[in-house]
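The structure under discussion appears below in the form of structure tokens.
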Amino acid sequence: MSNLVRLSKGKDIAIITIDNPPVNALSPGVPEGIANAIGDIDSDPSVKAAVLIGGGRTFVAGADIKEFGKMTSGKSRGASLLPLLLGIENCRKPVVMAIHGAAFGGGLELAMAGHYRVASSDAQVGQPEVKLGLIPGAAGTQRLPRLAGVAKALAMCTDGKPVAAAEAFRLGIIDRVIEGDLLAGAVAFACEIAGKPIPRTRERVEKLGTAEDDAAIIAATRESVRKKQRGLKAPLAAIDAVEAATKLSFEEGCEVERRLFTECLFSDQSKALIHVFFGEREVAKIPDVPKDTPVNPIRSIAVVGSGTMGGGIAMVFANAGIPVLLKEVDQPALDQGLAKIRKNYASSVQRGRFTQEFVDQRLALITPSLSYDNFGNADMVVEAVFEGMALKKQVFQDLDRACKPGAILASNTSTLSIDHIASVTSRPESVVGTHFFSPANIMRLLEIVRGKKTSKEVIATCMQLSKKLGKIGVLVGNCRGFVGNRMFGPYRREAQFLVEEGAEVEAVDSALVEFGMAMGPLATGDLAGLDVGWRIRKEYRHLEKPGVRQPVAEDRLCEMGRFGQKTLAGWYRYDDQRRAVPDPEVTALLRKWTAEAGIPQRRISTSEMVDRCLYALVNEGARILEEGYALRAVDIDIIYLNGYGFPAYRGGPMWYADAVGLKNVYDRVCELRQQHGELWEPAPLLKRFAEANQTFAEFNKEQGVNV
Ligand code: NAI
């Protein structure tokens, strides 16, 4: 017997235990171990029934994701689980699958090959493969509709969401929920069914539905997936596979599933999504801040400013159960901030995201204040006042006086230097940037900005805190715009240039939406407020190089008071529901302004729109990497996926560039340099990597330059 799988025999009942911590993944050795145990049980006359259970904290949480990469790179052939599952199903003794923790992916496929399933009440089952751009590959799409019905199987295989034990029981995926000791309950169940006829999932047809009903459900699911999971291939493949279950024999269905699974496995989308899966774990690793770096407990915090960001940040902490002191300059501002928080919570209750009770508890955690009086108790302060260096410095001097030693002083600034802010305090080691994204209570990204003097303990604490807050923390260096906004500048600049050269506003946005972005770059400007960038540009105008082209139209729109959604007019016009409508006035104005500026007008292809916006992102990303403001290319990718609506199935901008091939990207950037001048100067790293035939993913600079 393999040491990953144990077999023990009691009176009549054999127990197979999978012992592959931490999650009993089906890594090499586990399937073989199970197959041997089943063989033994089948031929042992003293065994009447068997229970298969996971050792430790879970049943089988899924396949070993690293194996997928080995399969696509040719390092492993990836043995199919199908023969093992058929072997279990064909066993002449009934096999009861006992599930606690999670039976996900291959884990649920394994469970469904058993003759019965029992589960502890806190167990969950699911087919989350789509999240990795895959579909179930071991008959999950064939057995699940036979247990749960076609509609539910489609839902589970396309959205990938877990199903709790109680619902799984209702659906017929499991046969009994066990309260108390799972193994004892499973053994009792096995004794009850021993000797009775053995039900085999693959032979069951009663839940497969009529051809007519199935066709309707399948068509409706396809339509909804095309809308809700725009651009993703795996959910559509999953639908095809479940459809095969409704039309073909089990064996033929398995063949269809296998073919679709392989197509998905070798697809760019799956490779990108697997990169994202590992990337989210990778960003937590900071070479010079090891895992055992001490962290400060954050039991209470204070937020300065209750505007757009401060209010959202207060909610983030309150939602995590951390008491918040919320300070404003005067009563009207405070009242306004609190009213906005209440309104946000009320709409969460309305949409069913939170219960009223939860919201009442969270609101009780927020204490309004007009002074720094109680700041001495806070373990951390997040400053979110207006963006202006003089004001920020004033606030940090006040904080330095008001806060206890060791308290973390964080700024939510989006453009200002953390080092400059830190310089006015007596404790620059405690100062850090925590750059939340708007709306702070929704967006998952948190850029943690490391100043020159920020201590390792403060960084470790912020990284750990980001998890507690339900955010994904990415460490970045202290450059203007940090990583995300620094790259977003050139990206939006190109979008503006495109419309100034003759492209329609909607055409540019829809080219990028078609690429997979959650929103087009011009519509995003309208959402965030065009005035934000306008103010920043005015502040930094002195840094612009004379003679280098700058966009003209957006500043003009702002001068007219067209700030975007908040003024119901920007690049688009907005109705009272804030729905965007193309605005002929903007088209006319563009024509006028570009004529005045002498910009020639031409027809612009969609591919040029996409190339220019994306390669502007990539080129700036390459500079950030080389200058050491991001630790790895994947850090940039994770920032873009979680803060800027970049499609996960393209893996992030740097991964996308690697997939296109850096040589191709570089050549195109050189072409754009010739056509549009020095703003398109290729980043030195892009040039070097393109010439050496390397990928950004291979980038590994000596650490600790700026981050
Ligand atoms: P906002 O204008 O909505 O809110 C700023 C608030 O700070 C106002 O309510 C103001 O009364 C208050 N305030 C000013 N001085 C104060 C003081 N001494 N004590 C207490 N409160 C004071 O601004 P917003 O958009 O919330 O921005 C805040 C910070 O967050 C800025 O640094 C901004 O760059 C940054 N940020 C903004 C994002 C956005 O999308 N709005 C995104 C990420 C960062």
- request: Name the single residue, out of those in the range 295-323 being within 9 Å of the ligand (Cβ to nearest atom) and open to solvent by 10 Å² or more (accessible area, probe 1.4 Å), that is nearest to the chain's Cα centre (by Cα).
  value: M309
- prompt: When the range 378-402 is examined, which residues are found to be in a loop (DSSP other than H, G, I, E, B) and either loosely packed, with under 14 Cβ neighbours inside 10 Å or without any contact (Cβ under 8 Å) to a residue 60 or more places away in the chain (or both)?
  reply: F386, G388
message: For the range 414-453, give me the residue count where each residue is part of a loop (DSSP other than H, G, I, E, B), open to solvent by less than 10 Å² (accessible area, probe 1.4 Å) and away from the ligand (no atom under 13 Å from the Cβ).
response: 1
statement: Of the residues in the range 644-670, those that are small (G, A, S) and open to solvent by 10 Å² or more (accessible area, probe 1.4 Å) number 4
field: Whichever residue in the range 333-377 is within 14 Å of the ligand (Cβ to nearest atom) and of a type in the set (A, V, I, L, M) and, among such residues, is most open to solvent (accessible area, probe 1.4 Å)
entry: L370
field: the range 652-680: number of residues that are in a loop (DSSP other than H, G, I, E, B) and in contact with a helix residue (DSSP H, G or I) (Cβ under 6 Å, 6 or more places away or on another chain)
entry: 1
- request: Output the number of the condition that A61 fails; it satisfies all remaining conditions of (1) in contact with a Pro (Cβ under 9 Å, 6 or more places away or on another chain); (2) modelled with pLDDT of 95 or more.
  value: (2)
task: Please list, ordered by first then second residue, the pairs with beta carbon atoms under 7 Å, 6 or more apart or interchain, first in the range 21-43 and farther than 21 Å from G78 by Cβ, second of a type in the set (K, R).
output: I41/K93; D42/R92; D42/K93
E280 among the charged types (D, E, K, R), open to solvent by 10 Å² or more (accessible area, probe 1.4 Å) and away from the ligand (no atom under 16 Å from the Cβ): yes
field: Residue ranges of strands (runs of 3 or more DSSP E) in the range 1-112 with at least 2 members over 21 Å from A123 (Cβ atoms) and open to solvent by 30 Å² or more (accessible area, probe 1.4 Å)
entry: 5-9
- request: Would you check which residues across the range 258-277 are part of a helix (DSSP H, G or I), hydrophobic (A, V, I, L, M, F, W, C) and open to solvent by 30 Å² or more (accessible area, probe 1.4 Å) and list them?
  value: F277
task: Could you grab the pairs with beta carbons closer than 7 Å, sequence gap of 6+ or different chains, first residue in the range 320-338 and assigned by TED's automatic domain parsing to the domain that holds S466 and part of a helix (DSSP H, G or I), second one open to solvent by 70 Å² or more (accessible area, probe 1.4 Å) and within 14 Å of the ligand (Cβ to nearest atom)?
output: Q331/L370; L334/L370
- request: Of the numbered conditions (1) closer than 18 Å to R493 by Cα; (2) open to solvent by less than 50 Å² (accessible area, probe 1.4 Å), R673 fails exactly one; give the number of that condition.
  value: (2)
- prompt: Does any residue in the range 231-252 that is closer than 17 Å to L134 by Cα and charged (D, E, K, R) come within less than 8 Å, Cβ to Cβ, of a residue that is outside any helix (DSSP H, G or I) and open to solvent by 10 Å² or more (accessible area, probe 1.4 Å) six or more places away or on a different chain, and which pairs are these?
  reply: K233/S267
message: Just to be sure I understand, how many residues within the range 513-534 are outside any loop (DSSP other than H, G, I, E, B) and within 19 Å of R486 (Cα to Cα)?
response: 13
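The values are calculated or read from the model by the stated rules, or taken from the named source; none is laboratory data. All of these numbers come straight from a predicted model, not from anything done at the bench. Every residue, glycine as well, gets a Cβ built from its backbone with ideal geometry; the counts of neighbours run over all protein chains shown. When the accessible area is computed, the model is the full protein with side chains, heavy atoms only, and any ligands, DNA or RNA have been set aside. Shrake-Rupley method; radii C 1.70, N 1.55, O 1.52, S 1.80 Å.
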